[in-house]
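Trainee: Below is a structure I'd like to ask you about.
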Amino acid sequence: MAEKKMTEEELLAKAYKPAEDAMRLHPFYRGKIEVIPKCRIRDFDDFAIWYTPGVAEPCRDIHEHPERVLEHTSKWNMVAVITDGTRVLGLGDIGPEGGLPVMEGKALLYKYLGGVDAFPLCVDTKDPDEIIDLVLKLQPSFGGINLEDISHPKCFYILDTLREKARIPIWHDDQQGTAAVTCAGLINALKLTDRKIGEVKVAMIGAGASNIAIARMIITMGVDPKKVIMSDSRGILHKGRTELQEKFKEKWHMCEISNEEQVEGGPAEAMKGADVLIALSTPGPDTVKKEWVASMAKDPIVFVCANPIPEIWPWEAKEAGAAIVATGRSDFPNQVNNSLGFPGIFRGTLDVMATTITDEMCIAAATELAKVAEDKGLREDYLVPTMDEWEVFPREAVAVGQKAIEQGVARRKLSPEQAFTIAGDIIQHSREEIQCLMKEGFIKMGD
């Protein structure tokens, strides 16, 4: 029997339900993560091992051999999720406390999807140099840093400076994570619509951290920068936008390398005749108009990934002629969302003890993500894997780790088979632990 098509009212009700449930369940749980022991505690004598006097011996060992901190402590698997709350989701500058629910959610996804122990740190400063200084001082406790929801252009300066100065991997998920997963979706969307990456015209709505990073990565993968037209809140980027030279070097770089025909105007003009739309801009609906989609090339690819509401509802984009529509939401088909990227990417990074996360490691993750979906059978409503396909994350981890080894930034060499076993065991342990806590009633269901 054919599945009943949902009415627009039903689709809207479904779209807004997660927000309703969130307002009910967040105060019920009063937070999404907690710290629990992972070592044995048979009786009080065991505290002599984990604390004084026994703990002095691993302390001395680390002092004499600093690299052994990765053997004696949780540092090997611990990531800090750091924000100043200046660009949280599509909500803007809502402050560090306002951003805390998102950072807790990020930590939860790290644990369940990637087996990574992550801890939210919302900092009470907007000064980029203070954030840089804080991260550098936190390095002894963490195996990596996830920068999150920091406004641009300072987010570029913070990431670039930390990647240069830090001795642990530094990652800005709004840049590298979004770019990696978007690239995975684009790889398969091009296959489904029989397009070649070097020939497509790409419209990009939004010129913040995410779209700038996506542009850099898709160009590295083969998109012709001259065929990219990017629009920010003031209009299309072109060489006449000289006000950007001093204020925003990343945007100015796009002015110099993109938009060969020097098209001017706004999103409507950028999208006209485009094969692909990649929008990460103001949350919708109606940020992108149906008539703009209709003006694109035949069977266009439409990525509308603003959160919490995409720039145009997927069914409206389809009505306007889109062949493939992707959003950033898990309750719509084709979720092009960072949650498919950062857990597996950091799992692979940590497992080989990489000292950084390169763009090539991100592209390796994107290629593997695309391959997982292709192996299962691509469809217009199945562009990338879903989060419940657990093998995505160890496969991604293997691809990332092997690229790190190839590039010489890994301190631990693993074969692909070893890497898959290690990542798979850690991820399965995390999931089974959470399921056990629910089964035994330590995590209440909240229904």
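Trainee: Filter the stretch 287-321 down to residues that are in a helix (DSSP H, G or I) and in contact with a strand residue (DSSP E or B) (Cβ under 8 Å, 6 or more places away or on another chain), then give me how many there are.
Mentor: Looking only at that region, the number is 4.
Trainee: What are the residues in the stretch 136-153 that are surrounded by fewer than 21 Cβ atoms within 10 Å (Cβ to Cβ), at pLDDT 95 or above and of a type outside the set (Ser, Thr, Tyr), if any?
Mentor: If the condition is that a residue be surrounded by fewer than 21 Cβ atoms within 10 Å (Cβ to Cβ), at pLDDT 95 or above and of a type outside the set (Ser, Thr, Tyr), then LEU136, LYS137, LEU138, GLN139, PRO140 are the ones that fit.
Trainee: Is at least one residue of the stretch 340-351 of a type in the set (S, T, N, Q) and either part of a loop (DSSP other than H, G, I, E, B) or out of contact with any Pro (no Cβ under 9 Å at 6 or more places or on another chain) (or both)?
Mentor: Checked the stretch 340-351: no residue is of a type in the set (S, T, N, Q) and either part of a loop (DSSP other than H, G, I, E, B) or out of contact with any Pro (no Cβ under 9 Å at 6 or more places or on another chain) (or both).
Trainee: Ok, one more. Based on what the data block shows, is LEU186 part of a helix (DSSP H, G or I), at pLDDT 95 or above and surrounded by 24 or more Cβ atoms within 10 Å (Cβ to Cβ)?
Mentor: yes
Trainee: Across the stretch 375-396, which residue is farthest from ARG347 (Cα to Cα) among those that are in contact (Cβ under 8 Å) with a residue 40 or more places away in the chain, part of a loop (DSSP other than H, G, I, E, B) and not acidic (Asp, Glu)?
Mentor: Going through the qualifying residues, I end up with LEU378.
Trainee: Starting from the stretch 68-79, take each residue that is farther than 12 Å from LEU350 by Cα and list its partners that are of a type in the set (Asp, Glu), counting only C-beta distances under 7 angstrom and pairs at least six apart or across chains.
Mentor: ARG68/ASP61; HIS72/ASP61
Trainee: If I filter the stretch 63-79 for residues that are within 30 Å of PRO283 (Cβ to Cβ), in a strand (DSSP E or B) and touching a helix residue (DSSP H, G or I) at 6+ places or on another chain (Cβ under 9 Å), do I get at least one hit?
Mentor: yes
Trainee: Take the residues of the stretch 194-242 that are in contact with a Cys (Cβ under 7 Å, 6 or more places away or on another chain) and assigned to a helix (DSSP H, G or I): which is nearest to VAL288 (Cα to Cα)?
Mentor: Per the stated criteria, the residue is ALA209.
Trainee: Just name the residue that is nearest to VAL116 (Cα to Cα) out of those in the stretch 339-395 that are among the aromatic types (Phe, Trp, Tyr) and under 18 Å from the mean Cα position of the chain (by Cα).
Mentor: The extreme case among them is PHE346.
Trainee: Now, a different point. One residue is enough: does the stretch 397-415 have a residue meeting the conditions part of a loop (DSSP other than H, G, I, E, B), in contact (Cβ under 8 Å) with a residue 12 or more places away in the chain and of a type in the set (Val, Ile, Thr)?
Mentor: Yes: the stretch 397-415 contains one or more residues that are part of a loop (DSSP other than H, G, I, E, B), in contact (Cβ under 8 Å) with a residue 12 or more places away in the chain and of a type in the set (Val, Ile, Thr).
Trainee: Within the stretch 412-432, can one find any residue that is under 24 Å from ALA326 (Cα atoms), of a type in the set (Gly, Ala, Ser) and modelled with pLDDT of 95 or more?
Mentor: Taking every residue of the stretch 412-432 in turn, none turns out to be under 24 Å from ALA326 (Cα atoms), of a type in the set (Gly, Ala, Ser) and modelled with pLDDT of 95 or more.
Trainee: Given the residues ALA80, ALA107, which is the only one that is buried (at least 17 other Cβ atoms within 10 Å of the Cβ), under 30 Å from LEU437 (Cβ atoms), in contact with a Leu (Cβ under 6 Å, 6 or more places away or on another chain) and in the same structural domain as CYS155 (by TED's automatic domain parsing)?
Mentor: Only one candidate qualifies: ALA80.
Trainee: Among THR349, THR355, which is the only one that is more than 30 Å from GLU291 (Cα to Cα), in contact with a strand residue (DSSP E or B) (Cβ under 9 Å, 6 or more places away or on another chain) and buried (at least 19 other Cβ atoms within 10 Å of the Cβ)?
Mentor: On inspection, the qualifying residue turns out to be THR349.
The values are calculated or read from the model by the stated rules, or taken from the named source; none is laboratory data. Just so it is clear, the model here is predicted, and its values are computed rather than measured. Virtual Cβ from ideal backbone geometry, glycine too; neighbours counted across all protein chains shown.
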